[in-house]
1. Do the sum for the chain: with -39,500 (n - 2.57) for every DSSP H run of n ≥ 4, divided by all residues, what is the mean residue ellipticity at 222 nm, to the nearest 500 deg cm²/dmol?
2. Structure shown: which of Lys3/Lys105; Lys53/Lys166; Lys23/Lys105; Lys31/Lys53; Lys241/Lys323 lie over 18 Å apart, alpha-carbon to alpha-carbon?
3. Of Phe276, Asn179, Ala199, which is farthest towards the positive pole of region 166-340's charge dipole, taken about the Cα centre with +1 and -1 on the beta-carbons of Lys, Arg and Asp, Glu respectively?
4. State to the nearest 20 debye the size of the charge dipole of region 308-355 about its Cα centre, where the only charges are +1 on K and R beta carbons and -1 on D and E beta carbons.
5. Note down the magnitude of the dipole of region 166-340 about its Cα centre, charges +1 on Lys and Arg C-beta and -1 on Asp and Glu C-beta and zero elsewhere, to the nearest 20 debye.
6. Pairing the Cα long axis of helix 16-26 with the longest principal axis of the chain, what angle in degrees results, from 0 to 90 and rounded to the nearest 10?
7. Please figure out what share of the DSSP beta bridges in the chain is antiparallel and state it in percent, rounded to the nearest 5.
8. Applying the Karplus parametrisation 6.51 cos²θ - 1.76 cosθ + 1.60 with θ = phi - 60° to the phi angles of region 331-348, what ³J(HN,Hα) value in whole Hz is obtained for each residue in order, glycine and proline being reported as x?
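What follows draws every value from the coordinates through simple rules; no lab data is involved. Since this is a predicted model, take the numbers as computed values, not measurements. With ideal geometry, Cβ positions are generated from the backbone for all residues, glycine too; neighbour counts draw on all protein chains shown.
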Amino acid sequence: MKKLVIVQTVVPDYRKDIFSYLKEELGDRFKLYSGSAYFEKSITTDKSIAFIKPISNYFFFNRKFLFQFGMWNEVFKNNVMVLEMNPRILSNWLILIIRKLVLKKTVVWGHAWPRGGSKSKSDVVRQLMRKLGDEIIVYTKTQAKELGLKMPNKIINAAPNALYFKKDMATSFNSEKINHIIYVGRLSKPKKAFFLVKAFHKILDNIPSNTNLIIVGEGEEKSLIENYVNEYKINDRVLIKGHVSNIETLKQFYSESLFSVSPGYVGLSITQSFSFGVPMIISKNENHSPEIEASQDGINSLFFDTDNESSLSETIVEVYNHKSKWIAKREEICLFCKNTYSTEAMGQTFLNILK
């Protein structure tokens with residue numbers, strides 16, 4: 001029987017569940033190859049995933065491009081190979097061309113469009129990569145539909161980005177303990193965590209005194225945030241936790257949070273938040289990742305005017321004025337995520353390409 005062979009630039013801790021699920025389902029019929037670090041150096045492979053077959057990442061031109069070594073013995077085998085749909089990985093181009101010539105099934109997996117969107121000039125290059133793949137896996141059903149209009153004869157599947165198994169998704173309803181605001185993500189300029197800290201600081205007198213801002217993540221703006229928090233002596237209200245991957249610790253943080261916030265563009269943190277029944281406050285006009293399709297204004301999300309500190313502050317104050325209403329929505333939010341963004345749902349797409 002054919003094996004499923006997936007090649008990754010890096011396998012961060014948030015990918016552990018999906019690849020563990022595939023390993024459990026397929027056993028020796030699943031192979032996972034990965035390098036140790038991404039184009040962005042801070043994103044690294046989770047060393048606790050024992051079944052990863054390490055390969056070498058060679059970056060060049062200031063880490064703009066990548067060539068990988070260590071998985072080439074798989075290229076001519078009659079298995080299903082899944083490659084990242086990233087034109088900057090030059091070795092993937094060569095593998096796609098070779099496997100196309102020798103009639104071996106290869107699937108490309110990633111964002112349907114470049115960061116600039118479907119009308120970006122660079123989509124010409126991505127389109128060529130899409131054509132070389134026998135099938136395509138994208139991150140959302142919306143992207144699958146959009147891409148299907150452009151490539152009606154191509155097999156396109158959606159594997160909505162998931163972080164957790166259904167059994168790990170749970171929420172809390174204890175109003176007395178649900179007091180905080182939480183941010184989970186990189187502490188980088190595009191994610192705007194520092195902007196959130198300043199907006200939160202502005203409204204300390206307008207929200208309950210037991211409300212804290214929990215910051216989970218690492219990045220180049222961490223020291224900037226720490227210096228600001230120290231300067232204004234709000235260490236007891238802004239809690240900087242660093243990177244946290246342990247699900248029980250994260251579950252505890254979310255269980256005590258009324259809302260999460262995405263002050264910059266939305267990424268995987270939106271489905272993480274919904275996994276625990278926690279709604280999200282989102283910046284309105286950002287170049288969001290595909291996961292934004294999970295948001296439903298007024299149901300599991302609220303939006304504020306992008307880069308408008310007052311708008312964000314007012315939105316935070318508003319949710320505390322309707323605290324019981326949002327707590328009542330937590331079970332519905334969690335259930336929606338279980339049905340749509342679970343590891344099991346994501347994994348089934350990969351199992352299906354072996355059929």
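1. Calculated at 222 nm, the ellipticity per residue is -10000 deg cm²/dmol.
2. Lys53/Lys166; Lys23/Lys105; Lys241/Lys323
3. Phe276
4. Once rounded to the nearest 20, the dipole reads 260 debye.
5. In total the dipole reaches around 340 debye.
6. Computed tilt is about 40 degrees.
7. Bridges in the chain are about 10 percent antiparallel.
8. Once θ is set to phi - 60°, the couplings for region 331-348 become 5, 4, 5, 5, 5, 4, 5, 4, 6, 10, 10, 8, 4, 4, 5, 5, x, 4 Hz.
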